Structures are given as structure tokens and as C-alpha cells.
Amino acid sequence: MINIVLFGKPGAGKGTQAEFLKGKYNLVHLSTGDIFRYNIKNDTELGRLAQTFMDKGDLVPDAVTIQMLQSEVDKNPQAAGFLFDGFPRTLAQAEALDAFLATKNEEITATVALEADDNILVARLLERGKTSGRPDDQDEEKIRNRYYEYNHKTAPLMHYYAAQNKFYAVDGIGSIAEVTERLSAVLDQLHIK
Ligand code: AMP
């Protein structure tokens, strides 16, 4: 199996690039943000719980998020691999993911971060907020809190994966096609086909 983690701050283009990567490498795309939003839309218990954190731009607690992710993986027993988008976001999540994959004799193949400057991304997200309808895209204070969460809780994961020689970074600023090209160059060099 090929299991890729896509890192990037909110607005860095993870969702857009995931659309391309999942097709090229035949991966099941799991975006925890999308799964939470689906649950909010359908007014499930999980959705109601997640919403209180998401609306403030805070991370949803690890236990809830890890359990949800594991059950999504288990819903896809035929998958040739997974593209994790927006997960893991904390060290506890990364360790839980490694342990969970190990129970299936699987592991993370590589992690790739889309790098971009906070100020460029804040402007991008405020623009997206005009059409996305997402409350967490519409208020600069909430957006800044999401970056705070990323910088404090998620950024350290790069060291975690670098220590396993599984961390790569590409410049996330440029046209969609240019960024796609950079991501492909990294993954192709790993002979992921
Ligand atoms: P995203 O769509 O990836 O920007 O995620 C939107 C929001 O969903 C985040 O600001 C968090 O509140 C929540 N969320 C998504 N993924 C996770 C995760 N792995 N851990 C905790 N909270 C998450």
C-alpha cells in the first residue's frame, strides 16, 4: 500500500492538490476536515461535537479525531493506499496512525508539506470565505487561531517524519499546475507509481 500524508497550513491548497494526487496514484482521499463538515451538515452527534471546536478554529480533540479516522480507513478494505489530508495534526495523532497502520502491516510511505507564508494564506482564506460558507474562513481572528494551532501542534510533526526519512516539502505558491508538478516530482522520485 502507498500511504501519503499531505501537510500544509489552511489555505495552502491541500484539497486542490489531493484531487489530482488521488487519481494519479489511485489513493482513497481522506480529509478529516471534509468528514467533520459532512457530519455537521448531517447533524450527527460527531458533527455537533466537532462544530464547537471548528467554529473557533481550534483542533477537535485527538481521541474523537483518531477514532473517526480509523473507522474511515476500515470502511475501505480494498484501498490500494490512502491520501491523508489534514491528518495527523498532532503528535498523538501521528503516533496513533503509525500504530494503527502497523496492526495492518502497513506504514506511512511519505509525507509532503505544501509550504506558504501565513500572510499570503490569510488573504487567500478570507477570499475563499466569501464563497465557501465556512465560518472558520470568514473571520481573521479564527483564521489566525488555525495558524497558531498549526504552528504549535502540527509543524513539529515534520521533525517526527523527518526522523523516519519520510518528510518532503514543496513550495506551495504558484499556479495549481506548477504545485502539482512539484508534488509529482517528489513522489515519482520515490518510485510511487
Ligand atoms: P481543514 O478543512 O483541514 O482546514 O479542517 C477544518 C477544521 O476541522 C480544523 O480547523 C479543525 O477544527 C478540524 N480538524 C480537521 N482535521 C483535524 C485533525 N486531524 N485534528 C483535529 N481537528 C481537525
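The values are calculated or read from the model by the stated rules, or taken from the named source; none is laboratory data. Note that the structure is a prediction, hence the values are computed from the model and not measured. Note that we place each Cβ from the backbone using ideal geometry, even for glycine, and neighbour counts take in every protein chain shown. We work out accessible area using only protein heavy atoms, side chains counted, and drop any ligands, DNA or RNA first. Shrake-Rupley method; radii C 1.70, N 1.55, O 1.52, S 1.80 Å.
Quick rundown of the values:
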item	result
Extended-chain gain in nm, criterion 0.36 nm per residue less alpha-carbon gap, residue 107 and residue 190	28.4 nm
Note, ³J(HN,Hα) from phi for segment 104-111, Karplus 6.51, -1.76, 1.60, rounded to Hz, x at Gly and Pro	9, 6, 10, 8, 6, 7, 7, 10
Within the chain: Cβ-based charge dipole about Cα centre, in debye rounded to nearest 20 (Lys, Arg +1; Asp, Glu -1)	240 debye
Spin-label pair residue 177/residue 71, simplified geometry with 7 Å Cα→Cβ offset, distance in nm	4.3 nm
Vicinal HN-Hα couplings computed from phi for segment 46-53 (Karplus, 6.51 cos²θ - 1.76 cosθ + 1.60; Hz; Gly/Pro x)	4, x, 5, 5, 4, 4, 4, 7
Pairs of Lys in the chain closer than 14 Å at Cα, counting only those 8 or more apart or on different chains	7
Sites residue 58 and residue 26 - FRET efficiency at Förster radius 45 Å, r taken between beta-carbons, to 0.05	0.85
Solvent-accessible area per residue for the chain (1.4 angstrom probe, square angstrom)	49 Å²
Column: log10 I(q)/I(0), Debye, Cα scatterers of segment 2-189, q = 0.12, 0.13, 0.14 Å⁻¹	-0.56, -0.66, -0.78
Cα centroid of segment 111-164 to Cα centroid of segment 91-107, whole Å	24 Å
Whether segment 36-75 is rounded, prolate or oblate, judged on the alpha carbon gyration tensor where a/c under 1.5 counts as rounded	oblate
Distance between modelled label sites at residue 132 and residue 145, nm, 7 Å Cα→Cβ extension	1.5 nm
Cα-based shape type of segment 43-113, given that a ≥ b ≥ c are square roots of the gyration tensor eigenvalues and the cut on a/c is 1.5	prolate
In order through segment 81-94: 3J(HN,Hα) via Karplus (6.51 cos²θ - 1.76 cosθ + 1.60), integer Hz, x for Gly, Pro	x, 10, 10, 8, 10, x, 8, x, 10, 9, 4, 4, 5, 5
By accessible area with a 1.4 Å probe, ligands and nucleic acids excluded, highest first: order of 158, 68	158, 68
Share of alpha-carbon pairs per 5 Å distance bin for segment 108-170, given as whole %	4, 16, 21, 19, 16, 12, 9, 3
Förster radius 22 Å - calculated FRET efficiency between residue 100 and residue 158, Cβ distance, rounded to 0.05	0.60
Accessible surface of the chain [probe 1.4 Å, protein heavy atoms]: carbon and sulfur percent	52 percent
Amide hydrogen neighbours beyond the local backbone of residue 29, cut-off 5 Å, H modeled	83
